[in-house]
Amino acid sequence: MMSLSGWPNLTTYREVVQDPATAFADPELQQCQPEVNPLGLPIIRSGGFVGTFHLIGTREWAVRCFVRPVPDLTERYRFIAAFLQRHPRPYFVSMEYHEQGIRVDGRWFPIVKMPWVRGETLVRAVASRLDDPAALEALRDEFSEIALDLEHLGAAHGDLADDNILLGDSGQLLLIDYDCMYVPGMPMSHSIGLGKPGYQHPGRLPEHFDATIDRFAATVLYITLDALSLDPTLYQRRQSGDTLLFSQEDLLRPLESPLMRELDQLYKGQPPERQRHWRNFRILLNLPFERLPSFERFLGRHLTTVAASTHLYDVRRPYPVLDAADRQQLLAHVGQYVEVHGTVRTVVSWQTRTGHPCLFVNFGEYVGGDFYVVLWEEALRELAARKWTVDRLREALCGERVAVTGVLATYRAGARVNPQIEYQEPGRLVVFRPPQRGGNIVI
């Protein structure tokens, strides 16, 4: 199935990737096999306008496939690849752009091929280290060094976010996903993406495409890691599952944000340097995108206080928000990265045919073809390590209004077709609860 753009969607790519020998032009990828879920289907990672597959052979590769045309794609990647070769850094991963990369229905589409890096996303790294403030501070400081080095190189990642930063098995942080990257000398005048809203300045526009586009996101990530090292309970009490701490609404309307008021109190008792960083961050929230200071200046100086911004930005949705009860609408968005809202009816424990445990979070009648979320064994183990037992999940989810984000796929059993999402990353399930019930729960 093709998207409205005329390009394959993510589930179409998944079907093709099941047979690498016929899917890829690259001889090395032809000899690989995809990593699959318990149903034997290739696992899709990431989202937005790119999906990533893990290919395993004599070496392991990350293969990134595009779901819509990107202006000047070949030229962009030529500049990025040349820049990475000229400036090797331990936090960069090498990459190859293949214009004729993957064949779908007789047509060739581009791919990006990168070595597969073993490790954990920043969100996983943080979630497993909440009881170790020193480890969170170490992540903050290492990220700070990377952001400063990028700034000194005159480059910008363009989409700094928790899922684009890995803590590799080597113990070092790495930046991945270079689709929105700016490097010196690029002739393009527009970015192909604006990054994840919960990390980006709400006034960022496509025409903002230069070495300054990381300034706001770098600051948000720095303050996020710093605040979590001071109060790890903030992680479970945050209001968005799409970021490590701040929601888009916190950044849009800081004067109305309970989280900002709580952090104001938290930082009052901290050493002067931490107080200065928090004060600078609060000032940044009132600045237009064009006046944001460098990350180096944010860290090292007292910024000048400015009047509160009166500009009201719109909430930006990077992907469709769908109703779990609207099956027709869900099926129309299969293969896309989406956010689904609905009320959980049942939470059912099950086993795969091979005897491995799994969990179904049903938003309707499973046998009637309604939407559900599936958690495979690996996800259940990860949640159990964070004290989320099956009984606790059932208690937290049943009867509640919930949002889930991920790639919308389908499961077919005879004539029945269920739209479904696989839970893959911490924070992808959010239980909506009013303040009097303790606020949202992020799982």
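Derivation of every value follows stated rules applied to the coordinates shown; laboratory data play no part. Since the model is a prediction, treat every value here as computed from it, not as a measurement. All Cβ positions, even for glycine, are placed from backbone atoms using ideal geometry, and neighbour counts span all protein chains on display.
Residues Asp105, Asp149, Asp179 in ascending order of nearby Cβ atoms (within 10 Å, fewest first): Asp105, Asp149, Asp179. For segment 119-300, the dipole from Cβ point charges (+1 on Lys and Arg, -1 on Asp and Glu) about the Cα centre works out to 720 debye, to the nearest 20.
The alpha-carbon of Lys113 sits under 27 angstrom from the alpha-carbons of these lysines, leaving out residues fewer than 8 places away in its chain: Lys196.
If you run the Gaussian network model on the chain, springs between alpha carbon atoms under 10 Å, then out of Phe92, Phe216, Phe49 the most flexible one is Phe92. Expressed as a fraction of 2.2 N^0.38 Å, the value expected for a compact globular protein of N residues, the C-alpha radius of gyration of segment 321-442 is 1.02. In the chain, the calculated helix contribution to ellipticity at 222 nm averages -8500 deg cm²/dmol per residue, counting -39,500 (n - 2.57) for every DSSP H run with n ≥ 4.
Subtracting the Cα-Cα distance of Arg401 and Asp264 from their residue separation scaled by 0.36 nm leaves 46.3 nm. For segment 135-253, dividing the convex hull volume of the Cα atoms by the residue count gives 103 Å³ per residue. In this simple spin-label approximation, His341 and Ala134 carry label points 7 Å from Cα along the Cα→Cβ vector, and these lie 4.4 nm apart. Full extension of the chain between Gln328 and Arg291 gives 8.8 nm of extra length, using 0.36 nm per residue less the Cα-Cα distance. With Cα atoms defining each centre, segment 87-107 and segment 234-291 are spaced 37 Å apart in the structure. Each Cα pair under 8 Å and six or more residues apart adds its sequence gap; the mean of these over the residue count of the chain is a relative contact order of 12 percent. Placing one equal scatterer on every Cα of the chain and applying the Debye formula, the log10 ratio I(q)/I(0) at q = 0.08, 0.09 Å⁻¹ is -0.46, -0.59. As a proxy for reagent exposure, Tyr313, Tyr199 were ordered by neighbouring Cβ count within 10 angstrom, fewest first; the result is Tyr313, Tyr199.
All C-alpha pair distances within segment 213-283, sorted into 5 Å bins from zero, spread as 3, 16, 29, 30, 16, 4, 0 percent across the bins. Each label point was placed 7 Å from the Cα along the Cα-to-Cβ direction; for Gln100 and Asp72 their separation is 2.6 nm.
Between Glu273 and Glu120, residue separation times 0.36 nm minus the direct Cα-Cα distance comes to 52.1 nm.
Cβ crowding within 10 Å, taken as a proxy for footprinting-reagent exposure, orders Arg291, Arg392 from fewest neighbours to most as Arg291, Arg392. 3J(HN,Hα) couplings calculated from phi for segment 285-293 with the Karplus curve 6.51 cos²θ - 1.76 cosθ + 1.60 (θ = phi - 60°) are, in sequence order, 5, 9, 8, x, 4, 5, 9, 5, x Hz; Gly and Pro show x.
Applying 1/(1 + (r/R0)^6) with R0 = 30 Å to the Cβ-Cβ distance of Glu256 and Arg394 gives a FRET efficiency near 0.35. If R0 is 25 Å, the Cβ-Cβ spacing of Arg416 and Arg353 corresponds to a FRET efficiency of close to 0.90. Taking every alpha-carbon pair under 8 Å whose residues sit at least 6 apart, segment 162-248 reaches a relative contact order of 22 percent. With a Förster radius of 30 Å applied to the C-beta separation of Gln33 and Asp149, the computed FRET efficiency comes to 0.25. Build a GNM of the chain with springs between Cα atoms under 10 Å apart, and of Arg412, Arg64, Arg386 the one that fluctuates most is Arg412. Each Lys or Arg adds one and each Asp or Glu subtracts one; over the other residues with Cβ under 13 Å from the Cβ of Phe371, this totals -3.
Springs between Cα atoms under 10 Å define the GNM used for the chain, and in it the highest mean-square fluctuation of Leu139, Leu266, Leu322 occurs at Leu266. With only Cα atoms counted, segment 234-330 has Rg and Dmax values of 16.7, 56 Å. Between amide H atoms placed 1.01 Å from N, distances below 5 Å from Glu400 occur with Val344, all of them 5 or more places distant or on a separate chain.
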